[in-house]
1. Does any residue of the range 79-88 turn out to be modelled with pLDDT of 95 or more, in contact with a helix residue (DSSP H, G or I) (Cβ under 8 Å, 6 or more places away or on another chain) and closer than 24 Å to ALA14 by Cα?
2. Within the range 103-112, is even one residue on the phi > 0 side of the Ramachandran plot and over 10 Å from the mean Cα position of the chain (by Cα)?
3. Taking LYS103, is it part of a loop (DSSP other than H, G, I, E, B), at pLDDT 95 or above and more than 14 Å from ILE134 (Cα to Cα)?
4. Does the range 58-71 hold any residues that are under 23 Å from ARG22 (Cα atoms) and in a loop (DSSP other than H, G, I, E, B), and which are they?
5. Look at the range 1-59 and say how many of its residues are farther than 27 Å from LYS83 by Cβ, of a type in the set (Ser, Thr, Tyr) and at pLDDT below 75.
6. Scan the range 72-92 residue by residue and report those that are surrounded by 15 or more Cβ atoms within 10 Å (Cβ to Cβ) and among the polar types (S, T, N, Q).
7. Scanning for something part of a strand (DSSP E or B), over 17 Å from LEU19 (Cα atoms) and touching a strand residue (DSSP E or B) at 6+ places or on another chain (Cβ under 8 Å), does the range 72-80 turn up at least one residue?
8. Between a residue in the range 12-37 that is on the phi > 0 side of the Ramachandran plot and any residue that is of a type in the set (Gly, Ala, Ser) and at pLDDT 90 or above, which pairs come within a Cβ distance under 7 Å, given they are 6 or more apart or on different chains?
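The values are calculated or read from the model by the stated rules, or taken from the named source; none is laboratory data. These figures come from a predicted structure and were not determined experimentally. As a convention, Cβ positions derive from the backbone with ideal geometry for all residues, glycine included, and neighbour counts pool all protein chains shown.
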Amino acid sequence: MSRKEHRKDTMTKAINLILKGRPITKKNSQRIARTKNNRTFIIQSKQFLEYEKSCLWQLKGQYRGDMITGQVSLKALYWMPTKAFPDLANLLEATCDILEKAKVIENDKNIISFDGSRIVGKDKDNPRVEIELIEALKIQSN
């Protein structure tokens, strides 16, 4: 059989989600804790844990589909409450981890693209992240 006969066409399905509240990074929101044996470990800040909890509840109400197990492209648009913007890469990492914890995606390593993601600007009254996930679905062509 020729290569052309083995070719698979691809269709895409877009999933749009909005997470309201001030987007918070994980890396800039960590604290050091100690065990009874005086060993130290890092835990997330109270602010991040509250943001994550809020996002998980929001996702539970917005996304009722199956967990995405294949490759996916993610576009995240962030509106911050002030002009002090955090690092985009850290915002994306937090968003991906939340999507994985909410079981929207199986594993954030399956995100193959962050095309178009950016910090859009300031929205004091409605800070949020608008997420678009595009899942690649492979269909066998005849």
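1. No: zero hits.
2. yes
3. yes
4. TYR63
5. Within the range 1-59, residues that are farther than 27 Å from LYS83 by Cβ, of a type in the set (Ser, Thr, Tyr) and at pLDDT below 75 number 3.
6. Those that are surrounded by 15 or more Cβ atoms within 10 Å (Cβ to Cβ) and among the polar types (S, T, N, Q): SER73, ASN90.
7. Yes, there is a match, as at least one residue in the range 72-80 is part of a strand (DSSP E or B), over 17 Å from LEU19 (Cα atoms) and touching a strand residue (DSSP E or B) at 6+ places or on another chain (Cβ under 8 Å).
8. GLY21/SER54
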